[in-house]
Structures are given as C-alpha cells and as structure tokens.
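I have placed the structure first, in the form of structure tokens, so that the comments after it can refer back to it.
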Amino acid sequence: MSAGDRVAFDLVDQPWLIARTLDGEPVELSLTEVFARAHDLAVLAGDVPTQVFASTRLLLAVLHDALRGPEDMDAWEELWTAPRLPIDTIADYLAEHRGRFDLFHPETPFLQVAGLRTAKDETTDLSRLIADVPNNAPFFSTRMGRPLVLSFAEAARWVVHCHAFDPSGIKSGAVGDPRVKGGRGYPIGTGWSGNLGAVLPEGRTLRETLLLNLMPYEHGLMQQRDPDQDVPAWRRPPAGPAEDMEGGRPPTGPLDLYTWQSRRVRLVHDDAHVTSVLICNGDRITPQNKNIFESHTAWRRSKAQEAKLRSGVVYMPKTHEPQRAVWRGLQSLLPGAAKPQSNEAAAYLTPDILEWVAEVRGVIGEAYPVRLRTIGMTYGSNNSVTDEVVDDALSMKAVLLGRGVAELPDMAVRCVQAAEKAAWAVGKLAERLADAAGCGKDELEGPRTRATESAYALLDPLFRAWLETLGADTVATDAETAWHDRARAGLLPLVRNLLAAAPAKALKGRVGNEKRFVNSPLAQGWFFGDLGKALHRTSEQEGEAGS
C-alpha cells in the first residue's frame with residue numbers, strides 16, 4: 001500500500017463517540033458532530049460507564065483548549081446563555097490539530113506511540129484493551145465463536161478508556177523504555193481515573209453537562225494550573241516508549257490530567273478492523289495531594305499516608321464503594337453541608353467541580369435539576385484486574401449544592417443519618433430474633449446483614465424521590481418530618497415479615513448471646529425503641545408492627 005493509500009480514521013470527522021438524543025436514541029458521532037449537536041443530545045454513552053467519564057473529560061480538554069478558557073465567570077455565563085456551543089471556534093481548533101486525531105497516523109496516531117514494539121515484536125489480543133468486567137459480558141457474547149476484533153470506532157473509544165482506567169499489573173516491555181526488565185514492564189498503577197471516585201454533574205443536555213464541568217480559569221483549582229504547560233496530550237510532543245520524565249513527571253493542571261497518558265499503546269489492524277494491541281507502561285502518577293488539579297472526585301485525609309510519607313497533610317481520592325448507594329455519602333457531595341468541627345485539617349474535601357456548580361446556581365437557577373453521576377472502577381489482586389464498574393446517580397435541585405443555605409443541605413445529611421440508623425435497627429431486630437430462636441453467635445451475621453440490605457433496598461427509591469422534592473421554598477423541619485414518615489412507612493412491611501417469619505421458639509426465647517433474656521416480643525419492643533430514636537420526627541404514632 002502506498003503512502004497515499006494508507007488507512008486513516010479521522011476522529012474529527014468520522015463517527016466514533018456514542019451519544020443519546022433527547023428522545024433516547026443512540027447515535028454515533030464524530031468529534032465535530034458531538035460539539036455541533038450537543039444542545040440536541042441528552043448524554044454521552046459508551047460500551048461501559050467508565051468510558052463515558054473518560055470521553056467526557058476528553059471533550060472538556062478540547063473545549064478548554066479551543067476556547068482558551070473560559071477565563072472568568074462573565075465568559076462562562078456567555079457560553080451558558082448561548083443556544084449552542086461556539087462550533088466555528090471548536091471546528092477551527094480540531095482542524096488545526098487534525099493530525100493528532102488520526103487513529104492510524106504514521107507518526108502521531110491518536111493517543112498512541114508510532115512504532116511501539118517489544119523485543120519479540122509481540123502484540124496481544126484485544127481482551128487486554130477491553131474492560132473485563134461482569135457487566136461487560138454482552139460485549140464479548142456478541143462476538144463468541146469468532147476472533148475478537150473491533151471496529152475503528154470501538155477501538156478509539158477503548159484507547160481513551162485504557163489511558164483512564166487500565167488496571168495495573170505487568171505489561172509488555174517496550175523497546176526503548178529503560179524501566180523494562182526481562183522483557184516486562186512492572187506495575188506502575190492503574191490509569192489515572194482508576195484512582196478516583198468520579199463525580200460528574202450532568203445537566204439537561206450534553207451542552208449543559210459540558211458547561212457545568214467547564215470551570216473558568218479564575219475559579220478554584222483552575223487557578224493552580226500552569227497556563228503555559230497545562231495542555232492536552234495532543235498539544236504535547238508525541239510520546240515515545242519511555243515515560244516523559246524519569247521517575248514520572250508532575251501534572252501541570254486539569255487539562256493534563258484529563259488526557260494523562262498512563263499507557264503506551266499501539267493498535268494493529270487489517271485495513272478493516274483492529275485485530276490486536278500492544279499496551280505498555282506510560283507516565284507514572286501518584287494520587288497523593290492531586291486535589292490541587294483534580295476536580296472530579298471527593299478527597300479524604302489519610303493519616304496512614306502522612307505517616308508513610310512522613311509529611312504534612314495528605315489527601316487521597318475518596319473512591320466509591322460498589323455496594324453503597326451514592327446518597328449514603330451525600331455529606332461529602334454538598335459544598336454547603338456543615339463539616340465536622342476540628343482544629344486539624346478537614347477530614348474530607350468536596351469535589352471542586354461541585355463547588356463550581358454551587359457558585360453558578362444564581363446563573364443556572366436554584367431550581368435547575370442537577371444529576372450527580374458517580375462512576376468508578378474497583379480492582380482486585382493488587383489492582384491488576386478489574387472487579388466492578390460503579391455507576392450511580394442522584395438527582396437534586398441546584399439550591400441543595402449552594403453555600404450559605406446550610407439549613408437545607410444539613411437537614412438532608414441528617415436524613416441520610418436517620419436512614420442509616422433505621423436500617424441498622426432493622427438489622428438488629430433480625431439478629432435478636434435469630435438469637436431468640438437459638439442461633440449461635442457466629443450465625444447472627446447472616447440474618448442481620450440480609451435484613452439491613454433489605455432495609456436499604458426499600459429506603460433507596462424513597463430517599464431519591466424525597467431528595468428531588470427539596471427546593472428553595474422547602475421548610476427544612478417539614479421536609480425532615482416527611483422523610484421520617486416515609487422511611488418508617490417503607491420499613492414497616494419488612495418488619496412485619498421478619499416478625500411473622502420468626503420460629504415459635506423465638507416467642508419462648510432464651511438467655512441469648514448478649515447474656516440477657518431475649519424473645520420476639522422483647523426484640524420487637526427494642527426495635528421500636530431504636531426506630532423511634534432513628535426517626536424521631538415522625539408524625540406517625542408507633543403501633544404494633546404485627547397489628
């Protein structure tokens with residue numbers, strides 16, 4: 001094939017990003033089309049939720065760099081009030097950097113290294129590129145019975161995802177990388193976004209989502225960036241097989257992190273499909289104290305890291321727990337919620353992107369519906385394999401994110417705490433009933449855990465629906481009472497079932513594992529005492545659960 005006939009896949013003009021229209025229809029669009037149609041699109045989509053986060057950050061890097069800002073609130077407000085994104089400016093920018101957005105460019109393939117090879121010229125099958133998680137099984141099942149290949153569009157999406165979320169572990173050793181030993185690249189950690197408990201505020205359209213995440217350069221952590229060096233990967237010199245700086249270079253700002261090249265990648269194709277891949281170690285990065293540049297995660301203070309590093313205050317990303325609904329961590333997501341009082345540094349930090357949304361609520365409107373989407377990936381076996389993908393969302397009005405309106409967010413946080421205490425009470429009831437029935441101490445955890453999980457399953461849709469009702473005209477005390485009533489009413493059928501299912505010997509009772517007499521009537525009475533403490537504002541009179 002002559003140079004003029006080489007295979008090209010231009011991401012500027014060729015469709016490769018998945019989005020959903022306002023009618024819910026999936027569409028595949030080019031970079032230019034995504035920006036041009038953002039006002040008519042609901043959200044980005046992807047093969048896995050983590051792909052959405054990685055692709056959104058890629059779009060943000062393009063927007064920031066194309067607009068050279070926005071510089072300040074006035075510039076941002078002008079973008080917000082316009083009906084469409086400034087597509088002419090964006091298109092000119094993409095045209096200027098078109099060569100860096102060609103998936104198979106001979107010198108600068110998109111987010112890859114031209115000529116990347118191992119000493120034995122090996123490549124691997126594409127399962128190394130694709131997130132190997134249980135909820136991604138359909139991606140593989142549609143290809144069962146034939147070799148795994150990817151379309152050029154699919155491969156482009158997975159390359160973006162690889163840099164963001166690739167597991168750690170041993171990689172192929174690239175020729176030219178001095179870190180390689182015995183043909184192997186030894187672990188340097190996951191892709192950058194794999195360290196995060198990602199929080200992505202979403203609006204009513206993709207345009208609004210992008211703007212909600214497009215912080216002006218004068219805001220918050222954006223002020224810490226190096227304005228000359230904080231550029232996306234395609235504005236840096238093409239990467240080689242080695243890391244940019246021996247030992248790892250420090251990030252220069254948010255745009256750098258949005259497109260951080262955690263891996264060195266080369267796709268192999270047969271002119272029609274991508275057939276294999278080479279993935280090697282890229283730029284090493286550590287998560288400690290990157291809160292100066294990273295806006296899409298909450299942060300927790302780590303005294304263990306402080307002791308290990310023998311340094312001052314150290315903040316680590318607050319990652320998501322797959323089995324814990326996002327609303328249970330509400331306090332760390334509300335900028336206006338009261339923080340625990342202490343003479344020490346804060347125990348946790350709210351995502352800076354939510355501090356920004358709180359700041360613009362006067363522009364977007366206090367009743368504006370914000371959807372906080374939480375996305376993340378959990379890893380196992382020393383972070384070398386993917387365990388689960390986390391994807392949850394919580395809808396609320398913008399007023400709840402604001403500072404200076406502490407009564408409302410503080411009340412919402414108290415209601416989370418009340419729900420947790422109520423779920424604990426249900427679990428404790430199940431434990432006491434099992435104890436009364438003769439179960440040994442090591443047999444109590446199962447009934448307690450199952451009942452607690454059932455309680456949370458009942459409370460989950462109730463809390464989400466209740467939270468959406470909170471607005472600027474909400475009377476906090478009335479809303480709190482309403483939640484306590486909803487929670488109690490939601491849990492009582494479960495309580496009745498637990499009591500009805502208790503065996504007859506639980507009614508007779510015994511001296512249980514807590515060294516006191518317990519039977520089902522006593523367990524029921526203790527439960528209502530616990531529930532009354534948890535949901536103390538309920539307007540309902542406590543009655544017999546079995547009546």
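The values are calculated or read from the model by the stated rules, or taken from the named source; none is laboratory data. Only a predicted model underlies this, so the values are computations on that prediction, with no experimental measurement involved. Here Cβ is always computed from backbone atoms with ideal geometry, including for glycine, and neighbour counts include all displayed protein chains.
Odds and ends about this structure:
- Of all residues making up region 366-388, the number that are touching a Ser or Thr at 6+ places or on another chain (Cβ under 7 Å), small (G, A, S) and assigned to a strand (DSSP E or B): 1
- Residue match in region 328-346 (condition: free of Cβ contacts under 8 Å to residues at least 60 places away in the same chain, surrounded by 15 or more Cβ atoms within 10 Å (Cβ to Cβ) and not in a helix (DSSP H, G or I)): no
- Scope region 453-488; condition surrounded by fewer than 15 Cβ atoms within 10 Å (Cβ to Cβ), of a type in the set (A, V, I, L, M) and not in a loop (DSSP other than H, G, I, E, B); matching residues: A457, A465
- Lone unmet requirement of (1) modelled with pLDDT of 95 or more; (2) farther than 30 Å from Y186 by Cβ for G402: (1)
- Members of region 1-57 found to be among the charged types (D, E, K, R), surrounded by 19 or more Cβ atoms within 10 Å (Cβ to Cβ) and closer than 27 Å to G194 by Cβ, listed by number: R57
- So V313, is it aliphatic (A, V, I, L, M), in contact (Cβ under 8 Å) with a residue 12 or more places away in the chain and surrounded by fewer than 16 Cβ atoms within 10 Å (Cβ to Cβ): yes
- Filter result (hydrophobic (A, V, I, L, M, F, W, C) and either more than 15 Å from E355 (Cα to Cα) or touching a Ser or Thr at 6+ places or on another chain (Cβ under 9 Å) (or both)) within region 179-218: V180, I188, W192, L196, A198, V199, L200, L206, L210, M215
- If the condition is being over 28 Å from the mean Cα position of the chain (by Cα) and in a helix (DSSP H, G or I), then region 82-99 contributes I87, D88, T89, A91, D92, Y93, A95, E96, R98, G99.
- Every residue from region 64-80 that is without any contact (Cβ under 8 Å) to a residue 12 or more places away in the chain and not in a loop (DSSP other than H, G, I, E, B): D74, E78
- Number of the condition not met by V399 [criteria: (1) more than 18 Å from the chain's Cα centre (by Cα); (2) outside any helix (DSSP H, G or I)]: (2)
- The residue pairs whose first member lies in region 353-382 and is closer than 17 Å to L330 by Cβ, whose second member is of a type in the set (D, E, K, R) and at pLDDT below 95, and whose beta carbons are closer than 7 Å, counting only pairs six or more residues apart or on different chains, are A358/R403.
- Hey, T56 under 30 Å from M377 (Cβ atoms), assigned to a helix (DSSP H, G or I), among the β-branched types (V, I, T) and assigned by TED's automatic domain parsing to the domain that holds Q14 or not: yes
- Search result, residues across region 254-288 that are of a type in the set (G, A, S) and either in contact with a strand residue (DSSP E or B) (Cβ under 8 Å, 6 or more places away or on another chain) or crowded, with 22+ Cβ neighbours inside 10 Å (or both): S262, S276, G282
- At least 3 residues being among the charged types (D, E, K, R) and within 19 Å of A54 (Cα to Cα) is the threshold, and among the strands (runs of 3 or more DSSP E) wholly inside region 252-317 those reaching it are 263-269.
- Filter pass, G427 being in contact with a helix residue (DSSP H, G or I) (Cβ under 6 Å, 6 or more places away or on another chain), more than 30 Å from R128 (Cβ to Cβ) and free of Cβ contacts under 8 Å to residues at least 40 places away in the same chain: yes
- Number of the exception - P409 against (1) crowded, with 23+ Cβ neighbours inside 10 Å; (2) over 26 Å from the mean Cα position of the chain (by Cα); (3) not small (G, A, S): (2)
- Among (1) crowded, with 19+ Cβ neighbours inside 10 Å; (2) part of a loop (DSSP other than H, G, I, E, B); (3) under 17 Å from the mean Cα position of the chain (by Cα), the one test that R324 misses: (1)
- Scoring L200 on the criteria (1) farther than 30 Å from E33 by Cβ; (2) aliphatic (A, V, I, L, M); (3) under 17 Å from the mean Cα position of the chain (by Cα) leaves a single failure, condition (1).
- The set of residues in region 510-521 being in contact (Cβ under 8 Å) with a residue 40 or more places away in the chain and surrounded by fewer than 20 Cβ atoms within 10 Å (Cβ to Cβ) consists of R510, N513, E514.
- Exclusive hit being free of Cβ contacts under 8 Å to residues at least 24 places away in the same chain, surrounded by 16 or more Cβ atoms within 10 Å (Cβ to Cβ) and over 29 Å from the mean Cα position of the chain (by Cα), set R448, R432: R448
- Test: P241 is of a type outside the set (S, T, N, Q) and touching an Asp or Glu at 6+ places or on another chain (Cβ under 8 Å): yes
- Taking the listed residues P238, P227, the one that is surrounded by fewer than 23 Cβ atoms within 10 Å (Cβ to Cβ), at negative phi and modelled with pLDDT of 95 or more is P238, with no other qualifying.
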